[in-house]
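The values are calculated or read from the model by the stated rules, or taken from the named source; none is laboratory data. All values reported here derive from a predicted model rather than from experimental measurement. Reconstructed Cβ throughout: ideal geometry from the backbone, glycine too, with neighbour counts over all protein chains shown.
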Amino acid sequence: MSLRDVVSTVAETSTLLQLAKEVKPRPDSTRDCFAARTERTAARFPNHTAVMFEGQSLTWSELNALANRYAAALRVQGLVRGDAVSLIMENRIEFLATIIALNKLGVIAALINTNLTGKPLIHCINITGSRLCIFGEERLAAVAQVRTEPDLQGIENWLYVSDQQHEPCPDWALDFGAEADGKPAGNPPQTGQNTLADTALYIYTSGTTGLPKASVISNRRFLLAAGMSYKGGLKCNENDCIYLCLPLYHGTGLFLGVGASLSTGATMFIRRKFSGSHFLSDIRDSGATCFIYIGELCRYLLNTPRQADDHRSPLVCMMGNGLRPDIWHEFKARFGIQRIAEFYGSSEGNVAFVNMLNKDCTVGTTSIPIALVKYDVDTDELARDDNGRLIKVATGEPGLLLGKITGKTQFEGYTSKEDTEKKILRNVFRDGDAWFNTGDLMKTVDVGFSLGMPHYQFVDRVGDTFRWKSENVSTNEVGEIINGHPQVDFCNVYGVEIPKADGRAGMAALVLAPGVDALDIKSFSAYVNEHLPAYARPVFLRIQPELDTTGTFKMVKGDLRKQAYDLDQISDPVYVMKPRSDTYTLLDEDYAEVLRSGRAGY
């Protein structure tokens, strides 16, 4: 390692240690929230551009004033601190103003996935006890479909937010923009009453069957994530511009991108949805210096036609998760990236890693107490010693990541106490201890000079979930749905790798019901399409005469994962649902070669 690299690492480590000091828990009663950060930023940089979107732009003063008018209109609706409101809106300026307005009042914003309809949408509204639902014109059809359903609970009023002005406000809703017009633009006094311990948001986990869980996000957690981003990851200030194309109802774009901007005055360039063909032109036109990513977007961008000047843009830094080692260096070189701040974490968890030292192919390090414990991947079971305690792995060996639950590293969990308890392991190393089970395998990696701070690398999801299309897929939930098909006796669901695709594709080993000689592929395909969202539908099917189980009748997945869809290793019939298809077809050697070569396009 060169002297320059050593000096750089020492400087980065100093920043990391300083950040660790700053994020030591302040008292729960400390008054702070992201809306308060917005007010302070608007006071510091009133005429600086806050946000750009589809040809529109607002200064910080204008964005804060819009949020204040929204807050005044919400007060008329009778909202008080601690209430919850469901928000269903695509990425746009009004989304930002709405979440800031709600936070000013101490009202919890339940950020609902804009792809949801029907029963899953009703479920997400119900589990948060929302009093109001604010929805964009672009989601009018989905909201109109559910608003009179008898299962829907608690909504006192519907607030419509205009978008393209193709659909007027329906007579059963209030026009939120009209209600806010003329309201006071000054900062409301309620903002100053909000504390770090107050719940700011409900962020939903991915629900395989369309029934997500609502993770509780306090003001403290939002601000800590934002601080990790702007101080240690992006290292941005008011002179930067952050490119945001991830859905802001998820934590990655919201905490790391919006949170960093609200705290520093950096400009936000937001897109309604990601577009690979517009990526570089957007970056160049906006002057974006920072990019919030997920690995799937990076892999997609690498598959776009290469241009000689791809590296010529203002973009120098990116922060996100899921950038796999096999494309890390290629992406960095092609697009001229100087700094990649990969992180690891989840909306609900108490564990977070961040690569603040700009090391390659690592999620960085953490100051949170963690443990990597032995996990038998083949049987999906934790290894225990003679005393029933979990066993820590050796350095460099993959292990299941656990985060210790303490007064300083709380697991805020979900709105459901039952779901929260399922993620906690107790009496792990000694009586009375409690640890958050991440469900992920991690390992330590050698990144060279790092001042003795261990660095980590994500290995895989384990057990009953895997990740595909940037969503967590529950094998149990998928299996329960598939078992409902009349021709299926039982199934075993697991994830398998496809070259040049992020995460793992679903594969289901099926045993047919007694008396069924062959699976009706047309009927089964239609059943899967109807009952499972696209990302949870198994890509592969394997028809087996019987399923292997352990001595305790737990299904064995290890060999199935290793064999995957390799026709040289298995003699069972294998079917595949190809990209942009809705029907399974028999896997032959020609398409197996397409899969192996990475040309399948998943």
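Taking residues in the range 324-337 that are at positive phi, and partners anywhere that are aliphatic (A, V, I, L, M) and modelled with pLDDT of 95 or more, the pairs with Cβ atoms closer than 8 Å and at least 6 places apart or on different chains are Gly336/Leu315; Gly336/Val316.
Can you confirm whether the range 539-556 contains a residue that is surrounded by 13 or more Cβ atoms within 10 Å (Cβ to Cβ), of a type in the set (Lys, Arg), in a loop (DSSP other than H, G, I, E, B) and outside the structural domain of Asn321 (by TED's automatic domain parsing)? Checked against the condition, which is being surrounded by 13 or more Cβ atoms within 10 Å (Cβ to Cβ), of a type in the set (Lys, Arg), in a loop (DSSP other than H, G, I, E, B) and outside the structural domain of Asn321 (by TED's automatic domain parsing), the range 539-556 yields no hits at all.
Inside the range 295-322, residues that are assigned to a loop (DSSP other than H, G, I, E, B), more than 13 Å from Leu280 (Cβ to Cβ) and at pLDDT 90 or above make up a count of 1. When the residues of the range 440-470 are filtered to those that are more than 15 Å from the chain's Cα centre (by Cα) and farther than 21 Å from Ala394 by Cβ, the one that is modelled with the highest pLDDT is Asp464. Any residue at all in the range 480-490 that's crowded, with 21+ Cβ neighbours inside 10 Å and touching a Gly at 6+ places or on another chain (Cβ under 9 Å)? No, because not a single residue in the range 480-490 is crowded, with 21+ Cβ neighbours inside 10 Å and touching a Gly at 6+ places or on another chain (Cβ under 9 Å).
Of all residues in the range 207-216, one or more are of a type in the set (A, V, I, L, M, F, W, C), in contact with an Asp or Glu (Cβ under 7 Å, 6 or more places away or on another chain) and surrounded by fewer than 24 Cβ atoms within 10 Å (Cβ to Cβ). Evaluation of His329 against the conditions (1) more than 23 Å from Leu248 (Cβ to Cβ); (2) in contact with a helix residue (DSSP H, G or I) (Cβ under 7 Å, 6 or more places away or on another chain); (3) not in a loop (DSSP other than H, G, I, E, B) shows that the sole unmet condition is (2). Comparison of Tyr584, Tyr527 shows that the only residue that is modelled with pLDDT of 90 or more, within 25 Å of Gly601 (Cβ to Cβ) and in contact with a Leu (Cβ under 7 Å, 6 or more places away or on another chain) is Tyr584. When the residues of the range 277-314 are filtered to those that are crowded, with 18+ Cβ neighbours inside 10 Å and either β-branched (Val, Ile, Thr) or not assigned by TED's automatic domain parsing to the domain that holds Tyr230 (or both), the one that is farthest from Lys469 (Cα to Cα) is Thr289. From the list Val393, Val445, the lone residue that is in contact (Cβ under 8 Å) with a residue 60 or more places away in the chain, over 30 Å from Ala200 (Cβ atoms) and either assigned by TED's automatic domain parsing to the domain that holds Ala536 or not hydroxyl-bearing (Ser, Thr, Tyr) (or both) is Val445.
When Thr366 is tested against (1) within 29 Å of Tyr202 (Cα to Cα); (2) without any contact (Cβ under 8 Å) to a residue 12 or more places away in the chain, exactly one condition is not met: (2).
One residue stands out among those in the range 25-72 that are aromatic (Phe, Trp, Tyr) and farther than 17 Å from Asn194 by Cα: the one that is nearest to the chain's Cα centre (by Cα), which is Phe53.
All conditions but one from (1) in contact with an Asp or Glu (Cβ under 8 Å, 6 or more places away or on another chain); (2) surrounded by fewer than 24 Cβ atoms within 10 Å (Cβ to Cβ) apply to Gly118; the one that does not is (1). The single condition among (1) over 22 Å from Pro247 (Cα atoms); (2) among the aromatic types (Phe, Trp, Tyr); (3) crowded, with 19+ Cβ neighbours inside 10 Å that Trp172 does not meet is (3). If the condition is being within 21 Å of Thr475 (Cα to Cα) and over 36 Å from the mean Cα position of the chain (by Cα), then the range 491-523 contributes only Ala513.
Between residues in the range 477-501 that are in contact (Cβ under 8 Å) with a residue 40 or more places away in the chain and residues that are of a type in the set (Val, Ile, Thr) and part of a loop (DSSP other than H, G, I, E, B), which pairs lie under 7 Å by C-beta distance while being six or more apart or on different chains? Hits for this filter: Glu477/Thr208; Glu477/Thr209; Val478/Thr208; Ile481/Thr209. In the range 90-109, the condition of being touching a helix residue (DSSP H, G or I) at 6+ places or on another chain (Cβ under 9 Å) and farther than 22 Å from Cys33 by Cα is met by at least one residue.
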